[in-house]
Amino acid sequence: QVQLVESGGGLVQPGGSLRLSCSASGSIFGFYARGWYRQAPGKQRELVAGITRGGITNYAAAVKGRFTISSDNAKNTMWLQMDSLKPEDTAVYYCNADIRLSWATSFGDYWGQGTQVTVSS
């Protein structure tokens, strides 16, 4: 069964950096990164950073200039570089990608399991 596997979360002090990674496990036919989302306790899931199939990126106003999304679709992997972290960035972060399992199927919407990011002194 194909899954998106995330890594890189953890506890960091304000002003610090973390790099989240997300890779598709298993054999797949196609992969396109779509974006990173986050959900803080008591809040709705929100888009943090998005990326189009052509590589155009967009960011939530709260993270613009501090976070960078990137991907290597040929390697079925995407990243989120987070710098100058603030306590309000604390949340569970989820990756989202379009995955095609075989030549006979269409792309489907896949989500990572989530990784906790805590920014605290």
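Derivation of every value follows stated rules applied to the coordinates shown; laboratory data play no part. Every value quoted in this text rests on a predicted model; they were computed, and no experiment measured them. With ideal geometry, Cβ positions are generated from the backbone for all residues, glycine too; neighbour counts draw on all protein chains shown.
Filtered by the rule that a residue be closer than 16 Å to Gln113 by Cβ and surrounded by 14 or more Cβ atoms within 10 Å (Cβ to Cβ), region 1-33 gives Val2, Gln3, Leu4, Val5, Glu6, Gly8, Gly9, Leu20, Ser21, Cys22, Ser23, Ala24. Considering only residues that are surrounded by 19 or more Cβ atoms within 10 Å (Cβ to Cβ), under 12 Å from Cys22 (Cβ atoms) and not polar (S, T, N, Q), which ones fall in region 62-78? Matches in region 62-78: Ile69, Met78.
The residues on offer are Arg66, Arg100, Arg53, and the sole one that is touching a residue at least 60 places away in the same chain (Cβ under 8 Å) and charged (D, E, K, R) is Arg100. Candidates in region 65-113 are the residues that are part of a strand (DSSP E or B), out of contact with any Ser or Thr (no Cβ under 6 Å at 6 or more places or on another chain) and among the β-branched types (Val, Ile, Thr); of these, the one that is nearest to Ala40 (Cα to Cα) is Val92.
Residues in region 24-64 that are closer than 22 Å to Gln1 by Cα and assigned to a strand (DSSP E or B): Ala24, Ser25, Gly30, Phe31, Tyr32, Ala33, Arg34, Gly35, Trp36.
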